[in-house]
Amino acid sequence: MTSERTPRALLRETARSFPGSDVALWAAGATFFGLLGLVPLALVSLRVAGVLVGPDALRAGMDTAISGLPGGHGTPAALRTLTATALDMSWVQTLVVLFPASLYGEGLRRAFLQLSPARDRFTGWRGRLGLLALAVVAPVLVLAVLAAAPLVAPLYLRGGWWLVLGVVVAFHVVWVTVSVALVLVFRLVGPGRIGWKALLLGGFGTGSVLAGFLQGFLLFLAIPVEWSAPFGGLPIVGAVSALALWLYLLHVLLLAGYRATLVADDVLRG
């Protein structure tokens, strides 16, 4: 297959084979597991990151990053609480937290199986072990994002065209870190074996979409609309519902990117 035909074949085959009618259900399932496992995964990542650079350095980096974020909906307080809780955990608590964190890997693998021709046994345990392998790299990715905060946060605060520059820089930082995580997720959590060329193409391609989606979420945080309004003014219900909806849409994009990666692997193999 010539290089001119490869992109067209990839798009055509992805559109033809994508099971759009059931993706909403699979994304909802992955979202459920994400609600169980993402906060514990963040706690473990921050705990290990604090060991690598020191608690004070981690707090300073998080404060710098928070200074550039929208202040609405309690976001700064939530991130500070998350960081403080992570740094206060003992190693026994950290090991315990790894169990619910691993559940996210099970949810992702079960969703990926619906889009893949592969079949396997012990799906839950394979997904959990793959997610634990990602947890080893996650603290380094967190530190990479925080390392860019002293550059990005002042640009966000200055506004105008400086804000545009900050968004561009933040997009590329998030794109690289998210893409590295996706390559590992597709490789370690996903069933079967994808060739490295398709894996990098799919991981970084999906990462670019998710990085843009995350930048849009920052804009969503800046909109002065009460999330609790549709729920009679209950703030916790509104916050959880809004975050669950955002996480659901993110998983729809993630599953589409995974399917495109599988198709790219087939196309590149000829």
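Assorted remarks:
- Most fluctuating residue given options GLY124, GLY207, GLY190, as computed from a GNM of the chain linking Cα atoms under 10 Å: GLY124
- Compared with the dominant Cα axis of the chain, that is its longest principal axis, helix 91-115 is turned about 40°.
- Charge tally for GLY124 (other residues, Cβ to Cβ under 11 Å; Lys, Arg +1; Asp, Glu -1): +3.
- Distance from segment 85-126 to segment 21-81 (C-alpha centre basis), Å: 16 Å
- Segment 58-158: trypsin sites (Lys or Arg not before Pro) falling in loop per DSSP and having at most 14 other Cβ within 10 Å: ARG119, ARG121
- Axis angle, to the nearest 10 degrees, between helix 55-67 and the longest C-alpha principal axis of the chain: 80 degrees.
- In segment 227-270, the alpha-carbon atoms span a convex hull of 41 Å³ per residue.
- Label-reachable residues, segment 133-152, where backbone N falls under 12 Å from a point 7 Å from ALA57's Cα toward its Cβ: 143-144, 147
- Surface/4 estimate of mean projected area, convex hull on alpha-carbon atoms of the chain, nm²: 15.7 nm²
- The chymotrypsin sites (Phe, Trp or Tyr not before Pro) of segment 134-197 include none that meets both criteria, a DSSP state outside H, G, I, E and B (loop) and at most 10 other C-beta atoms within 10 angstrom of the site's C-beta.
Read the figures in this text as sums done on the coordinates, not as results from a lab. If you're wondering where the values come from, they're calculated on a predicted model, not measured in any experiment. Cβ atoms come from the backbone with ideal geometry, glycine included; neighbour counts cover every protein chain shown.
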